[in-house]
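Bear in mind that the values in this text are calculations on the coordinates, not laboratory data. These numbers were taken from a predicted model, which means no experiment stands behind them. With ideal geometry, Cβ positions are generated from the backbone for all residues, glycine too; neighbour counts draw on all protein chains shown.
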Amino acid sequence: MVESAHEAIVAPEIFDEVQRILAGRHRTYSPNSRYLLSCMVTCYHCGRNMTGVYRSLGGSCDRKERYYFCDRKSLSNHRGDPNCPHPAVRIERLESFVLKAVRQHLLDKGADKGIRQAIVRARSKNALQTTQDEKRLQELRRKIDRGTENLALADKRDFAAISNLLTAWREEEAEVAERIERRRAALEPLPEALEIIRQLGAIQKRLTDAHHAKLQYALRQTIASIRVGVRKATMGSLTYREHFGELRFHNALLPGKVIPIPDEAIGVRKIWREIGAMVRGIDRPLRLTDVCLYLGTKDHSLASYHVRRAVRAGLLRKVGWVGGWVATG
Ligand SMILES: [Zn+2]
């Protein structure tokens, strides 16, 4: 197809529009983003992209950390929930949960077989659709070529009509071409992505830039969405903020499966919960000195504060005459 022949006869604004559509086909994520899950994490509350930031989100004395953060102010559009609580999750924690989930769900033997079958099925379906689209594309291009020739011979009245037709054809042409390309991009790399995930352990250990890009690519091929939110929760009489989320894989991989992301994986550290777990691991009542040792502090009042919270959460109860605390239930 001779591009310049069309440029000359299509109105400039239409030409620009088509170029914009064509350019859209190649819109890709920046492969070298520092954040592994860039453009994949959305806010559960307002649906916006959670962007990677490096800052301290707690008190001013907090250490700076890397977070995925729903920062409403950083975005110009105001769709979604205006009362978004702006969840923030530590990047390392979310990434490690996601990588573990990917390995666990995509690499066990049953899933592996299912994935291969899904790829084969999707491939043959795609191949059929692509053949149909390619025929349509050829037909459209023939029409455009003929229309362009006719345009040169047309009088004023016909010129407008043919020109409109050409515009419509060119738009459809771009659409069909985009569809073909999208299908190709969606399917071809899947086996390759799975191969990268198979080597995940090794890649993770020595995450060079090249590996980072590869891994990012594999995650984008396998993960459909990651949503993260924060909400008020209660346990016993203790009220606290917990993070929650859900992870979905590409439909060809695990259709309809939603993997919940628990607070334990991505929330802020809850020492009362850890104390609750610890007390189950020892065969005598817990003492404040145990907690001090666990926290690496000599501050008994701090240890006592966390123990009180564990008691309020209903995880511990005091044993009267011996002293100390034991697990409830
Ligand atoms: Zn939000």
Inset, instruction - Determine which residues of the stretch 269-287 fall in the zone a paramagnetic label at Val326 would reach in this model, i.e. backbone nitrogen under 17 Å from the point 7 Å along Cα→Cβ. - result: 276-287
Inset, instruction - Only residues of the stretch 272-301 count here: report those whose backbone N is under 17 Å from the spot 7 Å along Cα→Cβ of Glu92, or say none. - result: none
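If contacts are Cα pairs under 8 angstrom and at least 6 residues apart, what is the relative contact order of the stretch 271-327 in percent?
Working: 62 pairs, mean separation 25.6, N = 57.
Relative contact order of the stretch 271-327: 45 percent.
For Tyr217 and Gln138, what is the calculated FRET efficiency with R₀ set at 22 Å and r taken between the beta-carbons, to the nearest 0.05? Write down the numbers at each step before the final one.
On the way: r = 32 Å, r/R0 = 1.45.
That pair, Tyr217 with Gln138, gives E of 0.10.
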Legend entry - Contour excess over end-to-end distance, with Cα ends at Val120 and Ala233 and 0.36 nm allotted per residue: 36.3 nm
Inset, instruction - Please find the FRET efficiency linking Asp158 to Ala127, where r is the Cβ-Cβ separation and R0 is fixed at 41 Å, and quote it to the nearest 0.05. - result: 0.55
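Could the peptides 158-166, 91-99 be put in order, highest first, of the mean number of other beta-carbon atoms found within 10 Å of their residues? Don't skip to the end; give the middle numbers.
Working: 158-166: 15.0, 91-99: 19.6.
The peptides rank, most packed first, as 91-99, 158-166.
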Legend entry - Ordering of 43-54, 118-129, 282-293 by burial proxy (mean other Cβ atoms within 10 Å per residue, highest first): 43-54, 282-293, 118-129
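Local charge sum around Asp133 (other residues, Cβ-Cβ under 13 Å, Lys/Arg +1, Asp/Glu -1)?
+1
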Legend entry - Paramagnetic reach from Lys318 (point 7 Å along Cα→Cβ, amide N under 19 Å) across the stretch 234-252: 236-238
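In terms of the Cα gyration tensor, with a ≥ b ≥ c the square roots of its eigenvalues, is the stretch 271-327 rounded because a/c is under 1.5, prolate because a/b exceeds b/c, or oblate? Don't jump to the answer; show the numbers that get you there.
Details: a/c = 1.38, a/b = 1.24, b/c = 1.11.
It comes out rounded by the Cα gyration axes.
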Legend entry - Summed residue charge, Cβ within 11 Å of Glu242's Cβ, Lys/Arg positive, Asp/Glu negative: +3
Inset, instruction - Take the Cβ-Cβ distance between Asp299 and Val268 as r, set R0 to 30 Å, and report the resulting FRET efficiency rounded to the nearest 0.05. - result: 0.90
Inset, instruction - Determine the alpha carbon to alpha carbon distance for each of Lys232/Lys298; Lys125/Lys257; Lys100/Lys298; Lys232/Lys270 and list only those over 24 Å. - result: Lys232/Lys298; Lys100/Lys298
